[in-house]
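Notes to accompany the following structure.
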């Protein structure tokens, strides 16, 4: 009876959180970012939902998952750490901006709420310049050269300055070319906790494939010899086809890139996500076929779809959280509730439910599972197309 209560609390709070996040992206489009933050993302009820989800989920996990599956346990601990890091960042982190003009010292920055915070050092802008690709007018970088209490400092896109726990990022500039606006952040604890969660998440996802009774064992010990090899051949083939299709459809940036995108993390971030979308698409197609097949063949197709969803969810997780690391490097904030980020998280949460088939009894029924795969793909479509066409945001170019 207690397990049922924890199950309802865990999956129920997840469902409500997904609905609220989707609503928040619409609110942001209609009423602005501040409205979405105050009404949803920073509202105490939203924080309570994540807390209930984490606590009930961990209790349910400890009750259901044996100790011989440490990677599965570690994976969920990592997710709780990520949530804890986000909470610490929200409660103790500081962020804002500092406006520098040529030769004018500044020793304070303005926070997002309008209050001013003194810095333990002084910054002076020596020169701001815009670099272009040789022989073209394409902007390659925005660069601020500063003096920090006698030390020469250079800040550019994807190249930050750190001192005394403060981090400075190139954010904007004055039209006359004699001023620079830097984003400022200070988060001594939250980033460390979050990054620890990211690292544990990566290690646990790798370890999951070597655990007993997980997908690796099932693929190697399928009902028929060679079935696991065939499934992985299908996964890898579809991954390659998905990357090629994404290239021709314009998913990857072509031609001159804006400065913030000129990072080796760009393709490392995008490729796993594109591959996951391709696998989700195949699962949706198999879902349509599965609804038309007799029960026994539909059940066999469910097994194939489930084996596609596992690497797809892991790839989407890796790509999404790597995007957070890149955002922290470029903008000083690993999560900004941008519509693209939010819908990527919604997609991740929706599909992760299907991986808990033993806990959610309905997913044991092939027809229900196939219907889920079809409907869940709508989240992918919104993330990939809907955000760009309707919701906008920082990732509207992606």
Virtual spin-label span in nm between residue 51 and residue 145, 7 Å along Cα→Cβ: 5.1
Rounded, prolate or oblate (a/c below 1.5 giving rounded, otherwise prolate when a/b exceeds b/c) for region 148-199 by Cα gyration tensor: prolate
Plugging the Cβ-Cβ distance of residue 367 and residue 285 into 1/(1 + (r/R0)^6) at R0 = 25 Å yields, to the nearest 0.05, a FRET efficiency of 0.95
Let me know the shape class of region 95-186, please: from the alpha-carbon gyration tensor, a ≥ b ≥ c as square roots of the eigenvalues, rounded when a/c is under 1.5, otherwise prolate if a/b is greater than b/c, or oblate. prolate
Please arrange 77, 350, 368, 275 by how many other C-beta atoms lie within 10 Å of their C-beta, fewest to most. 368, 77, 350, 275
Expressed as a rounded percentage, what relative contact order does region 82-178 have, with Cα pairs under 8 Å and six or more residues apart? 17
What order do you get for 300, 94 when you list them from fewest to most C-beta neighbours inside 10 Å? 300, 94
Per-pair calculated FRET efficiency, R0 = 35 Å: residue 210 and residue 131 via Cβ, rounded to 0.05: 0.15
Can you work out the PRE-style zone for residue 112? Point 7 Å along Cα to Cβ, and I want the residues of region 148-192 with backbone N under 13 Å. 184-186
Classify region 1-107 as rounded, prolate or oblate from the Cα gyration tensor: take a ≥ b ≥ c as the square roots of its eigenvalues, call it rounded if a/c is under 1.5, otherwise prolate when a/b beats b/c and oblate if not. oblate
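We did not get these values from a lab; they are worked out from the coordinates using the rules stated. All of these numbers come straight from a predicted model, not from anything done at the bench. Neighbour counts are summed over all protein chains in view; Cβ atoms, including those assigned to glycine, are modelled from backbone coordinates with ideal geometry.
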